[in-house]
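The values are calculated or read from the model by the stated rules, or taken from the named source; none is laboratory data. None of the values given here were measured: they were computed from a predicted structure. In this analysis, Cβ positions are derived from the backbone assuming ideal geometry, glycine residues included, and neighbour counts consider all displayed protein chains.
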Amino acid sequence: MQHFLDISQISKTFNTATGTYEALQNVDLKIQQGEFVSLIGHSGCGKSTVLNLIAGLLDVTTGGIFLDGKQIDEPGPDRAVVFQNHALMPWLSVYDNIGLAVRAVFKKTKNRAEMDAWIMHNLELVNMTHAKNKMPNEISGGMKQRVGIARALAMQPKLLLMDEPFGALDALTRAQLQDSTMEIHRELGNTVIMITHDVDEAVLLSDRIVMMSNGPAATVGQVVDVNLPRPRNRLALAEDAQFNHCRRLVLDFLYAAHTPAEPQNSEVADLKASRPEAA
Amino acid sequence: MITASLNHLKAAGLRLPHLAARSIIPILGISLFLLVWQIVAANIDTSLGKFPGPSQVWQQTKALADEHVQQRAKAAKFYQRQEERNAKKLAQDPNATIKMRAYTGKPTFWDQILTSLITVMFGFALASCVAIPLGIICGLSERIYEAVNPIIQVLKPVSPLAWLPLVTMVVSAVYVSDDPLFEKSFLNSAFTVALCCLWPTVINTTVGVSSIDKDLVDVGRVIKLPPSTHVAKIVLPSSIPLIFTGLRLSLATGWMVLIAAEMLAQNPGLGKFIWDEFQNGSSNSLSRIMVAVLTIGLIGFLLDRTMLVIQRRISWDKQAVLR
């Protein structure tokens, strides 16, 4: 059976000043169309590397990634990325930020009026039409991230890649954006891979949670299926047994089985090395 | 009338006292400088008399302005006489060939300022046309940067005056034309300025381009921007601040270099004015040179301010504090 996204036995090594560093080893993951998958793990476990490999921003060392049967070897708008710090061009208005992507992606298939309608449609999806002429530094962090999502959606991607999209936001804004994301996912049925640190966020949004072991040579540790009916309501789920069960599984994995003993030690060592006066 | 305008000022948020308070310290500073200048100057004896103090310099400033007005009047009279003569000639013989001769009087101080300004702008523009694209290419490609960097580092510290003989020889060998668009001396000065203007802009543009936020570059990769759009929409806007830092350094260097080149090569301009006065050695020479020195400083300052105004107009970040 052919999978929509097939991450097949990939590994990634980086060349560093002190030799090669094996970040990922034998990562294997199949994702179906329309699925919402979260990648969760401790800092430095290579989650972002996986996302960058799928995006094509990095090249795999061994193995291969196939989207719709086609091997991924370069970045492209069919795998749109939502960056953690929104990555909007500060010199372009909200409208032009999305316009830059729309004009690049649809230059052969849409005319001016269609592009304009498409930009406005995507702004509407994230409730940002009122700010279309604002510059990024004139709007809040949550609004910037909404625009970042709109820009990614406007590329009409097969796959939406979100790199800790709500990590830099305050709790209330984060909750609003999570609800918006669920709504958009229900409406468009797109396939989403999201990296997160937040266990509640992962359980609330995902169909599947992929938990990664700690690096070096990180790999997929365990996968949890979240069989909660949609639409999901965060208040109702707070008391839900299934929700809490999933949450428990993830927490067990992260804090019981895979507490990063080694990395913590090396972090302490690093700190000492960089601060000789402390020694 | 006065009370009315005062009330107007008060209505505008009491700007007057504020402005006055802010200018007190600079005015004090300038006054102190003039005082020290006067005292020190009175104690320096040179073979051309005492070193000029502020009042002598001010006198010569007025004298130079007067000379300019007189020269202009002379030139106007010359052209008037020439026209009258030609008209007479034509009246006698309608087929007579008439000649128009340009006035060949000595260039005044103001003419020299204008020449210097045109030269520095030409050299600076020429350098910028090369330096900005080169900086962008070096910033985009690590390999090209590694190839070009050693050359830049070696050429950067070269004094302009070392280039001057080479530039002069090359211009006179290569630029051969019966009806030259530019004077050779103009080209010599301009090219020397350009050679020294290049480096600050190249280096700063390179740094600006290579330090673009990686996420913004990744956005460009994901939407597959063609290289030209990538440069226009992402690279240029994000490196504008450093490009302008480079341009301002270049223009300041260029202006200093130009004066030295004009002095050494006897090319028309403020530098030649100073050299001529030095050779002239009259009792007014030192004062006149001092006028030129202050003028050079003032123009250098204004050039920098002009660049700042242009940067404010072009830059997207209107909130940035520019100094």
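Any residue that is in contact with a Cys (Cβ under 8 Å, 6 or more places away or on another chain) and more than 30 Å from A:Asn52 (Cα to Cα) - is there at least one of those in the stretch B:178-185?
Checked against the condition, which is being in contact with a Cys (Cβ under 8 Å, 6 or more places away or on another chain) and more than 30 Å from A:Asn52 (Cα to Cα), the stretch B:178-185 yields no hits at all.
Could you say which residue among B:Ile203, B:Ile223 is without any contact (Cβ under 8 Å) to a residue 60 or more places away in the chain, hydrophobic (A, V, I, L, M, F, W, C), surrounded by 21 or more Cβ atoms within 10 Å (Cβ to Cβ) and out of contact with any Phe, Trp or Tyr (no Cβ under 8 Å at 6 or more places or on another chain)?
B:Ile223
Here's the yes/no breakdown for (1) closer than 25 Å to B:Pro237 by Cα; (2) modelled with pLDDT of 95 or more; (3) aromatic (Phe, Trp, Tyr):
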{"residue": "A:Trp91", "(1), (2), (3)": "yes, no, yes"}
{"residue": "A:Val94", "(1), (2), (3)": "yes, yes, no"}
{"residue": "A:Ile98", "(1), (2), (3)": "yes, yes, no"}
{"residue": "A:Ile119", "(1), (2), (3)": "yes, yes, no"}
{"residue": "A:Arg146", "(1), (2), (3)": "yes, no, no"}
{"residue": "A:Leu172", "(1), (2), (3)": "no, no, no"}
{"residue": "A:Gly189", "(1), (2), (3)": "no, no, no"}
{"residue": "A:Val192", "(1), (2), (3)": "no, yes, no"}
{"residue": "A:Asp198", "(1), (2), (3)": "no, no, no"}
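For residues in the stretch A:8-33 being part of a strand (DSSP E or B) and hydrophobic (A, V, I, L, M, F, W, C), which is surrounded by the most Cβ atoms within 10 Å (Cβ to Cβ)?
Among them, the one singled out is A:Leu24.
Kindly indicate whether any position in the stretch A:89-96 is within 13 Å of chain B (Cβ to nearest Cβ), outside any loop (DSSP other than H, G, I, E, B) and without any contact (Cβ under 8 Å) to a residue 60 or more places away in the chain.
The answer is yes, given that some residue of the stretch A:89-96 is within 13 Å of chain B (Cβ to nearest Cβ), outside any loop (DSSP other than H, G, I, E, B) and without any contact (Cβ under 8 Å) to a residue 60 or more places away in the chain.
Count, please, the residues in the stretch B:112-134 that happen to be of a type outside the set (Val, Ile, Thr) and touching a residue at least 24 places away in the same chain (Cβ under 8 Å).
Looking only at that region, the number is 11.
Kindly indicate whether any position in the stretch A:188-208 is surrounded by fewer than 23 Cβ atoms within 10 Å (Cβ to Cβ), more than 14 Å from chain B (Cβ to nearest Cβ), at negative phi and of a type in the set (Gly, Ala, Ser).
For the stretch A:188-208, residues surrounded by fewer than 23 Cβ atoms within 10 Å (Cβ to Cβ), more than 14 Å from chain B (Cβ to nearest Cβ), at negative phi and of a type in the set (Gly, Ala, Ser): absent.
Might you check whether a residue that is in contact (Cβ under 8 Å) with a residue 24 or more places away in the chain, within 14 Å of another protein chain (Cβ to nearest Cβ), among the aliphatic types (A, V, I, L, M) and not in a strand (DSSP E or B) occurs anywhere in the stretch A:64-86?
There is no residue in the stretch A:64-86 that is in contact (Cβ under 8 Å) with a residue 24 or more places away in the chain, within 14 Å of another protein chain (Cβ to nearest Cβ), among the aliphatic types (A, V, I, L, M) and not in a strand (DSSP E or B).
Tell me which residues, restricted to the stretch B:172-223, are within 14 Å of chain A (Cβ to nearest Cβ) and within 29 Å of the chain's Cα centre (by Cα).
B:Gly208
Which numbered condition in (1) surrounded by fewer than 19 Cβ atoms within 10 Å (Cβ to Cβ); (2) in a helix (DSSP H, G or I); (3) within 14 Å of another protein chain (Cβ to nearest Cβ) is the only one that A:Met120 fails?
(3)
Taking the stretch B:141-175 as the region of interest, how many residues are in a loop (DSSP other than H, G, I, E, B) and either within 18 Å of B:Asn267 (Cα to Cα) or not hydrophobic (A, V, I, L, M, F, W, C) (or both)?
5
Kindly evaluate A:Thr61 against the criterion of being in contact with a Ser or Thr (Cβ under 8 Å, 6 or more places away or on another chain) and not acidic (Asp, Glu).
Yes.
Could you tell me how many of the residues in the stretch A:142-173 are crowded, with 21+ Cβ neighbours inside 10 Å and either more than 14 Å from chain B (Cβ to nearest Cβ) or of a type in the set (A, V, I, L, M, F, W, C) (or both)?
Total meeting the criteria: 14.
Restricting attention to the stretch A:68-95, report how many residues are closer than 17 Å to A:Leu123 by Cα and in contact with a Gly (Cβ under 7 Å, 6 or more places away or on another chain).
Total satisfying the criteria: 4.
Out of the stretch A:50-63, which residues are within 14 Å of chain B (Cβ to nearest Cβ) and within 11 Å of the chain's Cα centre (by Cα)?
Within the stretch A:50-63, A:Leu51, A:Asn52, A:Ile54, A:Ala55 meet the criteria.
Which one of B:Phe273, B:Phe278 is at pLDDT below 95 and either surrounded by 22 or more Cβ atoms within 10 Å (Cβ to Cβ) or not in a helix (DSSP H, G or I) (or both)?
Answer to the selection: B:Phe273.
Just checking, which of B:Ser287, B:Ser283, B:Ser228 is away from every other protein chain (no Cβ under 14 Å), more than 26 Å from the chain's Cα centre (by Cα) and more than 18 Å from B:Ala127 (Cα to Cα)?
The unique qualifying residue is B:Ser283.
Table: residues versus (1) surrounded by fewer than 16 Cβ atoms within 10 Å (Cβ to Cβ); (2) of a type in the set (Val, Ile, Thr); (3) within 19 Å of A:Glu183 (Cα to Cα); (4) at pLDDT below 95.
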{"site": "A:Lys108", "(1), (2), (3), (4)": "yes, no, no, yes"}
{"site": "A:Leu125", "(1), (2), (3), (4)": "no, no, yes, yes"}
{"site": "A:Met128", "(1), (2), (3), (4)": "no, no, yes, yes"}
{"site": "A:Lys132", "(1), (2), (3), (4)": "no, no, no, yes"}
{"site": "A:Asn137", "(1), (2), (3), (4)": "yes, no, no, yes"}
{"site": "A:Ser140", "(1), (2), (3), (4)": "yes, no, no, yes"}
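Identify the single condition in (1) within 14 Å of another protein chain (Cβ to nearest Cβ); (2) out of contact with any strand residue (DSSP E or B) (no Cβ under 9 Å at 6 or more places or on another chain); (3) surrounded by fewer than 20 Cβ atoms within 10 Å (Cβ to Cβ) that B:Val235 does not satisfy, given that it satisfies every other one.
It fails just one condition, (3).
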